[in-house]
Amino acid sequence: MRFDISGKKILFGVSGGIAAYKALEIISLLKKSGAEVKVIMTKAACEFVSPLSFQTISQNMVARDMFEEPKAWEVRHISLASWADVAVVAPATANICGKLATGIADDMLSTTLMACKAPKIIAPAMNTAMYENPIVQKNIRILKDLGMEFVEPESGILACGDVGKGRLASVEDIYEKICQVLLFSKKDFIGKKVVVTAGGTIEKIDPVRYITNHSSGKMGVAIARAAYYRGADVTLVCGNCSAEIPKNIDTIKVESARDMYDAVMTASEDADIIIKAAAVADYRPETAAENKIKKGKMESISLASNPDILAELGEKYSGKKKLVGFCMETENLEKNAYQKLKKKGLDLIAANSLNEDGAGFKGDTNIITLIDKSGECQKTDLKDKFEIANIILDKVKEI
Ligand code: PMT
């Protein structure tokens, strides 16, 4: 996912590790998203990648020496510190984590970070044994308690040949965390548990064939992401889905409507808000054949009804939890949506129509009409699904 971070000022610290080259890719993404980036490299970082590469990608001079002759009169570590909207260290070594946690400021990066009041994001990368060392873990805990955001390292084969946790998080994850911190300081869903469903269900006919629909999961995943950014504790129940799901979101993968029913009912027990963007198949083949059905033996399929998950949630929780449904129609959108809201005991319904260009299945955009219990309608323009997700959450808050 790409974000518009035009004009945002990012101070990017690179410390000395083999993953330093990945910082180039992150900075390139940030630049393409409109940000201004200034890089500080430690001495060790310069052993891995040339400052010239960072200078070229960031289109700014790279700071590395505290005592270098300034180009204009300024105290460079102070001016860089106060310039930044956010400060990032990626990769962050055990050394820089230790310095930050214990107040050591003895080079350009550590002094600048010490003077910087902007939010800080740390993406550690080091050998597993180093990462697991209790001193490093203690330092990380100190930094987290001070409010610094972390992008956890991944597990895998490390450059040294060891296998374990310590590999720098993916470029995409670090990019997304930076954008999240820059764009979503509003944490108005803290303390709320939100269950979101996304994607289409798959109803098996035999081992090779199934009934499904066109849902990509993009709308539901956008809602889960927006709620997570806004501080909610999110559980995503996800059917057939091609959308990229942020790693930090607790996700339950399901296949059929009945699987989704079980997962949603369990996850909803302690939820405050349930938002059902999934396209659930109303019917399934009465029996799923054990072996592939031969050509000529499948002129018709007998269907059985699937549970209506949202209607059951309405019966159980109407008035107790906030229930938000979706409605996909090809005609009489508002009338049918309002009827569904009433029938299923919902607080809010987001209606989208297949007849509007850019709305509904598969694409990155949608147009929705939000209808509340009083019948009041609010129609959006064509917008990115992530923006639509935030509009839905704003409305949930209002009701
Ligand atoms: O996934 P995308 O490609 O991004 O597309 C998004 C979307 C078009 C799938 C989404 O915006 C949307 O409209 N989702 C609901 C589609 C749908 O199934 O609508 P419906 O009118 O059939 O169902 C109404 C509501 O009841 C929905 O919230 C649905 O999740 C729920 N339902 C339906 C049937 C069923 N057996 N159980 C349910 O819970």
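Give the carbon-plus-sulfur fraction of the accessible surface of the range 193-398 in %, rounded to a whole number; probe 1.4 Å, heavy atoms of protein chains only. Before the final figure, lay out each step's value.
Numbers: 4400 of 9880 Å².
Percent of accessible area from carbon and sulfur atoms in the range 193-398: 45.
Of all accessible surface on the range 26-90 at a 1.4 Å probe, what whole percent is carbon and sulfur? Walk me through the numbers before you get to the answer.
Working: 1920 of 3510 Å².
Whole-percent figure for carbon plus sulfur exposure: 55.
Leaving out ligands and nucleic acids, and using a 1.4 Å probe, what accessible area per residue does the chain come to in Å²?
Details: 19140 Å² over 399 residues.
It amounts to 48 Å² per residue over the chain.
With the contact rule set at Cα under 8 Å and sequence spacing of 6 or more, what percent relative contact order holds for the chain? Working shown, then result.
Working: 850 pairs, mean separation 41.8, N = 399.
In percent, rounded to a whole number, it is 10.
Can you tell me the order of 206-219, 143-156, 223-236 when each peptide is scored by its average per-residue count of other Cβ atoms within 10 angstrom, highest first? Can you show the working numbers first?
Numbers: 206-219: 18.6, 143-156: 15.2, 223-236: 24.5.
Those peptides, ordered most packed to least, come out 223-236, 206-219, 143-156.
Show me 355-366, 30-41, 316-327 ranked by packing, highest mean number of other Cβ atoms within 10 Å first.
Details: 355-366: 15.6, 30-41: 20.9, 316-327: 18.3.
In decreasing order of mean packing, 355-366, 30-41, 316-327 become 30-41, 316-327, 355-366.
How large is ³J(HN,Hα) for each residue in the range 227-235, as worked out from phi by the Karplus curve 6.51 cos²θ - 1.76 cosθ + 1.60 (θ = phi - 60°), to whole Hz, x for Gly and Pro?
5, 5, 4, 8, x, 6, 8, 10, 10
State the antiparallel share, in %, of DSSP beta bridges confined to the chain, rounding to the nearest 5. Can you show the working numbers first?
Values: 19 of 62 bridges.
Roughly 30 percent of the beta bridges in the chain run antiparallel, per DSSP.
Counting residues in the range 250-371 as N, plug N into 2.2 N^0.38 Å and put the Cα Rg over that result.
On the way: Rg = 16.7 Å, N = 122, 2.2 N^0.38 = 13.7 Å.
Taking N as the residue count of the range 250-371, the ratio is 1.23.
Based on the Cα atoms of the range 9-183, what semi-axes does the equivalent ellipsoid have, where each is the square root of 5 times one gyration tensor eigenvalue, given in whole Å with the largest first? Write down the numbers at each step before the final one.
Details: eigenvalues 111, 62, 51 Å².
Semi-axes from the Cα gyration tensor: 24, 18, 16 Å.
The values are calculated or read from the model by the stated rules, or taken from the named source; none is laboratory data. All values reported here derive from a predicted model rather than from experimental measurement. Here Cβ is always computed from backbone atoms with ideal geometry, including for glycine, and neighbour counts include all displayed protein chains. SASA here: full protein model, heavy atoms, side chains in, ligands and nucleic acids out. Shrake-Rupley method; radii C 1.70, N 1.55, O 1.52, S 1.80 Å.
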